[in-house]
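I have placed the structure first, in the form of structure tokens, so that the comments after it can refer back to it.
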Amino acid sequence: MTPWRRTRQTTRAFLPLAIIALALGLVAFPAIGLHAATTERVVTDRYSGLAISGFDPVSYFVDQKPVEGRPEYEYTYGGTVWRFRNEGNRNAFADNPSVYAPLFGGYDPVGIARGVSRPGHPEVFLVLRGRLLLFYGEAAREQFLADPVTVLTDAQSHWPQVRAGLTP
């Protein structure tokens with residue numbers, strides 16, 4: 001067999017493996033980008049550096065829904081950049097961030113109740129007793145709603161040790 005034919009056969013043998021690896025990479029890479037970093041005290045998008053993926057935390061209270069913030073209305077709090085849709089929301093947050101910032105730094109309270117830091121998704125939320133809660137997914141929110149008192153009690157007791165495990 002000529003060297004050219006040997007090279008051609010070797011290339012054919014590896015081609016399916018290369019295609020599979022490429023496909024897995026393309027599928028896995030976007031999924032990584034959609035999740036927030038889990039090594040911060042506040043859930044922060046690892047690519048943009050924005051808290052809660054750039055959603056305006058005040059909008060959950062004012063509009064009862066998440067609204068994306070704008071780059072011209074940013075505020076740094078807790079080592080993280082927060083975005084707001086307007087100057088009024090930014091000022092309200094700056095005056096009292098503990099009211100508007102998500103409880104548990106934006107981590108899922110159901111996960112925190114189990115001692116695990118799972119980033120909450122900014123579009124799966126609940127405002128309860130004047131506090132913003134972000135959930136990992138719909139199933140976590142439903143589990144929370146089934147027994148909010150127990151989940152919050154367990155989350156409050158686990159939060160100090162979970163928080164201590166996060167990079168400041």
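The values are calculated or read from the model by the stated rules, or taken from the named source; none is laboratory data. Treat the numbers as computed from the prediction; the structure is a model and nothing was measured. In this analysis, Cβ positions are derived from the backbone assuming ideal geometry, glycine residues included, and neighbour counts consider all displayed protein chains.
Of everything in the stretch 101-122 that's part of a loop (DSSP other than H, G, I, E, B) and closer than 27 Å to Asn91 by Cα, which residue is farthest from the chain's Cα centre (by Cα)?
In this case the residue turns out to be Ala101.
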Would you be able to tell me the number of residues in the stretch 123-152 that are part of a helix (DSSP H, G or I), more than 15 Å from the chain's Cα centre (by Cα) and surrounded by 14 or more Cβ atoms within 10 Å (Cβ to Cβ)? 5
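Can you confirm whether Val81 is in contact (Cβ under 8 Å) with a residue 24 or more places away in the chain and β-branched (Val, Ile, Thr)?
yes
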Condition first: within 25 Å of Asn96 (Cβ to Cβ) and among the hydroxyl-bearing types (Ser, Thr, Tyr). Now tell me which residues in the stretch 127-152 satisfy that. none
When residues of the stretch 25-60 are limited to those that are surrounded by fewer than 16 Cβ atoms within 10 Å (Cβ to Cβ) and among the aromatic types (Phe, Trp, Tyr), the one modelled with the lowest pLDDT: Phe29
I'd like to verify a number: residues in the stretch 56-94 that are part of a strand (DSSP E or B) and of a type outside the set (Lys, Arg), how many? 12
Exclusive hit being modelled with pLDDT under 95, more than 18 Å from Val124 (Cα to Cα), out of contact with any Pro (no Cβ under 7 Å at 6 or more places or on another chain) and not basic (Lys, Arg), set Gly78, Gly88: Gly78
Reported set for the stretch 87-122 where residues are closer than 17 Å to Val151 by Cβ, among the small types (Gly, Ala, Ser) and buried (at least 17 other Cβ atoms within 10 Å of the Cβ) is Gly105, Gly106, Gly111, Ala113, Ser117, Gly120
Within the stretch 107-135, which residues are touching a Pro at 6+ places or on another chain (Cβ under 7 Å) and of a type in the set (Ser, Thr, Tyr)? Tyr107
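For the stretch 153-168, how many residues meet the condition of being of a type in the set (Gly, Ala, Ser), over 23 Å from Tyr100 (Cβ atoms) and at pLDDT 95 or above?
1
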Taking interchain pairs and intrachain pairs at least six residues apart, which have beta carbon atoms under 7 angstrom, with the first residue in the stretch 84-108 and under 24 Å from Arg118 (Cβ atoms) and hydroxyl-bearing (Ser, Thr, Tyr) and the second surrounded by fewer than 17 Cβ atoms within 10 Å (Cβ to Cβ) and at pLDDT 95 or above? Tyr100/Phe61
Report every pair of residues separated by at least 6 positions or lying on different chains whose Cβ atoms are under 9 Å apart, first residue within the stretch 128-144 and touching a residue at least 12 places away in the same chain (Cβ under 8 Å) and hydroxyl-bearing (Ser, Thr, Tyr), second part of a helix (DSSP H, G or I) and surrounded by 14 or more Cβ atoms within 10 Å (Cβ to Cβ). Tyr136/Val110; Tyr136/Gly111
